[in-house]
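To start, the structure itself, in structure tokens.
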There are 4 protein chains.
Amino acid sequence: MAAATPRTIDLNADVGESFGPWAMGADAELIPLVTSVNVACGAHAGDPSTILRTCELAVRHRVGIGAHPGYPDLAGFGRRDLDLTPDELRSTLVVQVGAVVAAARVAGVEIRHVKPHGAMYNRAARDPAMAATIAGAVHDLSPAFVLVGLAGSASVAAGREIGLRVAEEGFADRRYEGDGSLRSRRLDGALLGPAEAAGQAVSIARDGVVTAADGSRVAVRADTICIHGDGPDAVAVARAVRSALAEAGIRVAPLGDDFGNG
Amino acid sequence: MAAATPRTIDLNADVGESFGPWAMGADAELIPLVTSVNVACGAHAGDPSTILRTCELAVRHRVGIGAHPGYPDLAGFGRRDLDLTPDELRSTLVVQVGAVVAAARVAGVEIRHVKPHGAMYNRAARDPAMAATIAGAVHDLSPAFVLVGLAGSASVAAGREIGLRVAEEGFADRRYEGDGSLRSRRLDGALLGPAEAAGQAVSIARDGVVTAADGSRVAVRADTICIHGDGPDAVAVARAVRSALAEAGIRVAPLGDDFGNG
Amino acid sequence: MAAATPRTIDLNADVGESFGPWAMGADAELIPLVTSVNVACGAHAGDPSTILRTCELAVRHRVGIGAHPGYPDLAGFGRRDLDLTPDELRSTLVVQVGAVVAAARVAGVEIRHVKPHGAMYNRAARDPAMAATIAGAVHDLSPAFVLVGLAGSASVAAGREIGLRVAEEGFADRRYEGDGSLRSRRLDGALLGPAEAAGQAVSIARDGVVTAADGSRVAVRADTICIHGDGPDAVAVARAVRSALAEAGIRVAPLGDDFGNG
Amino acid sequence: MAAATPRTIDLNADVGESFGPWAMGADAELIPLVTSVNVACGAHAGDPSTILRTCELAVRHRVGIGAHPGYPDLAGFGRRDLDLTPDELRSTLVVQVGAVVAAARVAGVEIRHVKPHGAMYNRAARDPAMAATIAGAVHDLSPAFVLVGLAGSASVAAGREIGLRVAEEGFADRRYEGDGSLRSRRLDGALLGPAEAAGQAVSIARDGVVTAADGSRVAVRADTICIHGDGPDAVAVARAVRSALAEAGIRVAPLGDDFGNG
């Protein structure tokens, strides 16, 4: 699934992030606008009812389902580094992904991909040993799963190394820096509105490049583009991105479909 | 899997009940002595590493693996009633069983059975609506799963009603009352030592009866006999039961084997 | 603190019910409109940062602070019955209230009252043994605390019995039934909008009566009136109630002030 | 409370580390042998009933009570680094210590000290910013609390800086390295048996030195000596240390007693 000049791309969103009485995200509106969803597994977000209901919603809208495991830290939403041993990391991935596999099956489908969340995603992108532990756990769960990771990162390298299909991920609604990293949310201009996000999505999907904060052109070869579900603009961004991709003649399809990019 | 005059019976134990730094049970010694194990799923007991390690241990000893879901109440060990809605009950069963399904698969096998734990087990035994919710969730997870429930209870009736294979459960190391219920742990004589437990196991397996606390004979037609793993005598009880069954010419085999009793 | 013809009443709201990344309620707008707040203690809602920040906010607006302990069941928001032993109930009350006592003290004040939450509140209102356990724990924490409970219930009776000051609670934004109970949220007309809630609050504060769903007049002698913080109308209800009480010449003051009603 | 040539020293132990059905430590035997106990606060260990029962036990044996807060990570027992913000660290300290303050008060006493646990203790020992956050939180809780930290570390420096009394801690049952750090538990000879621990305790209390793994003499000027409660030898170590101190004419007394060392 190399990212060379894709004509088809996946649009993904993190969903199922409510917990008990606390709602998060606009899943009901967002899910119809994307092609793949990453379902929180109950450790950093997502209670059992939310997991099952989210899978049912995804099935109803025929989008691809993946598991979105994170650090077991509900209060920190999986965004705080937690120093797990490789054995603990592997084990939590197995049971978290297993939870969503079961919910998806009860909802009528098999999951297609696994995308780590938050601090786990970020650390795996730059830590080859951790990336290898994750890739190994995903492969043991099923060699057919697609592993989603930051484009060009240690995560996707580890996935390829072990023989998994990987999906490199770009971001529509986040500004890139000149070195290819994402601009920190604490800096001005880190978040893009609907129009800019739509332009960046087309640029990634068609040309494999983005214009960075410093004006330079940076290569972002992505198989899937993430729409963040938790911003106030999430639905407007998703609509704008979806329209712009259609106008540019770029087809969208779920991860795991054999869409001829790799 | 009706319990009529079995010559083959399963011996099961609740395992994987450690959590983080806190050990519980003598799984390493107990697992080789039984034929099926019920693995705690992380909600009332069992962290991810324990779940995975326990499944690996069970595979090594070639015992059948089942999931042992309970109320999501770690501090109460799933022994306190928690008033879940049917939707919440169904959802927690799906994700809990899914966790053990995934761990068992990574360890190399498929799980065979599901046995609810603690307060969930006890309430389902007498509450047909709750029993139906549980049976429905297990059936949706896989119609091939065996549902384990108290012999003669609403749990097994609901399982049969929906078309699941069921295993009726008797207890080797607990005294029965004249009405077929288990004698409360708060009363004298509730727990049997190794010799008495062995005798009761043979009596259940061969004759389908036990001698109750009041001296009366009570029918207990069981497909599987539970050895409690958390008592100080657990290993001694398991050894005595296993020997006594062998001497009585009763074969033991895991749940889910087609052992011709039903 | 008997409710005889009060000219002064407290307005209370449940606050601090956010958890980690999940916001709940409009605390910043609601707190200035009430005279007492009940701060969730981390067991059914409220993470440590929320607890501390909420106490600081309450101090800034000079409203009285109380602890709002609930069942340790985050996913269920303390609204599901959980069968605690008296020892477990007492212990969880001690540590939950202790958490808010400490946060309030760091914010510069002492807490004044304790109001159980959700299923714990409802069950204590009709279960004298449980009410006595709660009253005992609160008294042991401090005999100076005011115990808040449903007007006319077992909760307040148990508080008086042990020598605590009690505050009987009425509801502005919930319809009463003819028997004095609250109309179930599942029935039409259970929730009152701002205008009706304001009228009911004045009626409770000035006359000690409400007009029930069946048109009958029911006595509700309350020392404090609850404004639910989690409805979409919460702030509008609070504004309307506050204005209406002012127009009716009824003074508002925090629980624990010696306002001469009892 | 400087450690200059103390003739009186405190012996402390971490207690109350059971959780729900899972027991840890031999608190009932260990508590009578020490002079201060550090009670786990429910975040890394300790459920509410355990917290309250442990405080009652400590009161019965007239030992000093302190709070033993840790990272909110039960499965990891507070031994895994968790990247809290200063605000999150401060808040969790406030509510955790508050829980034990309340339990101790219900048991009849005030707590005297605060000793962070596990990864929080270790990181604070070498991270001045984190140490300052902890010292600030403890001071805000009560300027009368004694802050316990690793002898000679950033923790105790931060405590002194803010005006707290501090207690520098040495270890009886752990081998020191030549640089004054504790020998890793993963290396041979890291743990001392009763006789060696007793010798090291006397050496610390009387002479302010220990013999390190490499044979060198290292200064350890301590106000309190920790006996680990979770080893199999814990009680034997405590007995041996207590006897040896008595034979050497060194008095033991709880933290917070004004015992003239500083």
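The values are calculated or read from the model by the stated rules, or taken from the named source; none is laboratory data. Just so you know, these numbers come straight off a predicted model, no measurement behind them. Please note: Cβ atoms are built from the backbone with ideal geometry, for glycine as well, and neighbour counts cover all protein chains shown. Each accessible area value is taken on the protein alone, full model and side chains, heavy atoms only, with ligands, DNA and RNA left out. Shrake-Rupley method; radii C 1.70, N 1.55, O 1.52, S 1.80 Å.
Structure above, values below:
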read-out	value
Karplus-derived HN-Hα couplings along the stretch C:53-68 (A = 6.51, B = -1.76, C = 1.60, θ = phi - 60°), whole Hz, x at Gly and Pro	5, 5, 5, 4, 5, 5, 5, 4, 9, 6, 9, x, 10, x, 8, 10
Neighbour net charge for B:R221 - beta-carbon separation under 12 angstrom, K R +1, D E -1	-3
Selection of trypsin sites (Lys or Arg not before Pro), the stretch D:53-93, meeting DSSP coil and at most 11 other Cβ within 10 Å	D:R62
Length-normalised contact order of the stretch C:173-228 in % [C-alpha pairs under 8 Å, at least 6 apart]	36
Accessible area buried, both sides summed, chains A and B with 1.4 Å probe, Å²	1600
Average projected area [Cα convex hull, the stretch A:1-102], square nanometres	7.7
The stretch D:121-196: trypsin sites (Lys or Arg not before Pro) in DSSP loop, at most 10 other beta carbons within 10 Å	D:R185, D:R186
Shortest-first distances to equivalent copies, position C:D179, nm, label 7 Å out along Cβ	2.8, 6.9, 7.3
Amide H contacts of D:V209 (H built 1.01 Å from N, under 5 Å, at least 5 apart or other chain)	D:I204, D:V220
Copy-to-copy label separations for B:G249, where each label sits 7 Å from Cα toward Cβ, in nm and ascending	8.2, 8.3, 9.8
At most 16 other Cβ within 10 Å, DSSP loop - GluC sites (Glu not before Pro), the stretch D:164-194	D:E177
Accessible area per residue, Å², the stretch D:8-252 with all protein chains present, probe 1.4 Å	35
Label distances, nm, B:A144 versus same residue in remaining copies, Cβ-directed 7 Å point	1.4, 6.8, 6.8
Of all accessible heavy-atom area on the stretch D:8-252, the percent that carbon and sulfur account for (1.4 Å)	50
Rounded FRET efficiency, nearest 0.05, which uses the C-beta distance separating B:R60 from B:S243 and R0 of 25 Å	0.65
Net charge over other residues, Cβ less than 10 angstrom from the Cβ of A:A144 (K, R count +1; D, E count -1)	+1
Estimated FRET transfer efficiency when R0 is 45 angstrom, pair A:A195-B:D83 (beta carbons, to 0.05)	0.35
Dipole magnitude of the stretch A:8-252, debye to nearest 20 (Cβ charges: Lys/Arg +1, Asp/Glu -1, about Cα centre)	420
Size of charge dipole - the stretch B:1-121 - debye, nearest 20, with Cβ of Lys, Arg +1 and Asp, Glu -1, no other charges	420
For the B-to-C rotation axis, chain B residue with nearest beta carbon and its distance in angstrom	B:L82, 3
Length-normalised contact order for chain B - Cα pairs under 8 Å, 6+ apart - percent	24
Amide H contacts of C:I65 (H built 1.01 Å from N, under 5 Å, at least 5 apart or other chain)	C:V37, C:R112
Cα-only radius of gyration and Dmax that characterise the protein assembly as shown, units Å	30.6, 89
Shielding by partners - mean other protein chain Cβ count within 10 Å, residues of D:17-30	4
Positions from the stretch B:34-82 whose accessible area shrinks by 20 Å² or more when the full protein complex is built, not the chain alone, probe 1.4 Å	B:P48, B:S49, B:L52, B:L74, B:A75, B:F77, B:R80, B:D81, B:L82
The stretch C:8-252: projected area of the alpha-carbon convex hull, averaged over directions, in nm²	11.9
In sequence order, calculated HN-Hα J values of the stretch B:104-113 (Karplus, 6.51, -1.76, 1.60; Hz; x Gly/Pro)	5, 5, 4, 7, x, 9, 9, 6, 10, 8
Interatomic Cα distance distribution for the stretch B:76-193, bins of 5 angstrom, percent	2, 11, 19, 22, 18, 14, 9, 4, 1
Size of electric dipole in the stretch B:107-262: Cβ of Lys, Arg +1 and of Asp, Glu -1, about Cα centre, debye, nearest 20	100
